[in-house]
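J.: Handing you a structure now.
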């Protein structure tokens, strides 16, 4: 994935919040809090992780997949995406607008051609 200081910062911030949330859930378990309250917090952590996954997927589509298509390596891109969705078929929320997800701005395409894909070039 073509991560850089601009696009990795929000992902790392989300992961830091999630880490703190997981610690809070562990504290709830240690304090023997009501099971349903703990389960609600676990679901909130799972939801937050799903949002990070979506952000990573968006980044991959906007950079690496675009680069693979530009390099005429569509087979590799399709293979990678199929593997991701086999492992996580519910990666996209039901309300996710697939057209918006796949919308790749011209600006990101030109930026990608300068920086390479997945740390390459």
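The values are calculated or read from the model by the stated rules, or taken from the named source; none is laboratory data. Model, not experiment: these values are computed from the prediction. Ideal geometry is used to build each Cβ from the backbone, glycine not excepted, and the neighbour counts take in all protein chains shown.
J.: What's the number of the condition residue 91 fails, among (1) under 28 Å from residue 19 (Cβ atoms); (2) out of contact with any helix residue (DSSP H, G or I) (no Cβ under 8 Å at 6 or more places or on another chain); (3) not in a helix (DSSP H, G or I)?
T.: The failed condition is (2).
J.: Against the definition (under 23 Å from residue 12 (Cα atoms) and either surrounded by 11 or more Cβ atoms within 10 Å (Cβ to Cβ) or modelled with pLDDT under 95 (or both)), how does residue 55 come out, yes or no?
T.: yes
J.: Now for a separate question. Residue 86 - would you say it is exposed (fewer than 13 other Cβ atoms within 10 Å of the Cβ), at pLDDT 65 or above and part of a helix (DSSP H, G or I)?
T.: Values: exposed (fewer than 13 other Cβ atoms within 10 Å of the Cβ): yes; at pLDDT 65 or above: yes; part of a helix (DSSP H, G or I): yes.
Yes.
J.: Same structure again: Being within 14 Å of the chain's Cα centre (by Cα) and either touching a residue at least 40 places away in the same chain (Cβ under 8 Å) or assigned to a loop (DSSP other than H, G, I, E, B) (or both) is the filter here, so list the residues in the stretch 1-54 that pass it.
T.: Those that are within 14 Å of the chain's Cα centre (by Cα) and either touching a residue at least 40 places away in the same chain (Cβ under 8 Å) or assigned to a loop (DSSP other than H, G, I, E, B) (or both): 1, 2, 3, 7, 10, 11, 14, 50, 52, 54.
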